[in-house]
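Written out below as C-alpha cells is the structure these notes cover.
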Amino acid sequence: MRGDRRARAPGDHRRPRLDTPRTKTPPGSVGIGGIQCCIYSVESPGGFWILGRTPVSLYDPSASEPTLLRPGDRVRFRRIDRAEFDSIGAAVAARAYRPVIA
C-alpha cells in the first residue's frame, strides 16, 4: 500500500498470527504476524510469532521522552550473541546505553 508506514515483513518472512494468542509476551520481544512485525515494549498478551528479543528498552515512563521510536521510524535488526545481549542489557539498566538512531 503506497504511503503506508506500518511495519511490514518481506514476503518470505510472513507468518500467520497465532490461532491462540499467548497471555504474556516479555518486553523486548520481536514478533511477526501476517504482514506486520512488532516490538513488544511492555509485557502484554500477543498473537505474533516471536523471532527474537532486543535488550534495548523501548519505553521508559520516567524519561523525558518515554518512547524510543516514533511513527515512521525504520528499525534495522542485527544478530547479537548472548554476551552482547547481556552487555547491552546491563548498560540499559545503568542508563548508559545510547542506541544509534539515524
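Computed from the coordinates by the stated procedures, all read-outs in this text should not be read as laboratory data. Everything quoted here is computed from the prediction, not taken from an experiment. Cβ sites come from the backbone with ideal geometry, for glycine too, and all protein chains shown count toward neighbours.
Amide H neighbours of GLY28 under 5 Å, counting only residues 5+ apart in sequence or on other chains, H built in-plane at 1.01 Å?
Sorted by chain and number, the residues that satisfy this are TYR40, SER41, VAL42.
For the Cα atoms of the chain, what angle does the longest principal axis make with the long axis of helix 82-93, in degrees from 0 to 90, nearest 10?
Helix 82-93 and the main axis of the chain meet at about 60 degrees.
State, to one decimal in nm², a quarter of the convex hull surface area for the C-alpha atoms of the chain, i.e. the direction-averaged projected area.
7.8
Add +1 for every Lys or Arg and -1 for every Asp or Glu among the other residues with Cβ under 13 Å from the Cβ of ILE101, and state the total.
+2
Using Cβ counts within 10 Å as a stand-in for footprinting exposure, how do TYR40, TYR59 rank, fewest first?
TYR59, TYR40
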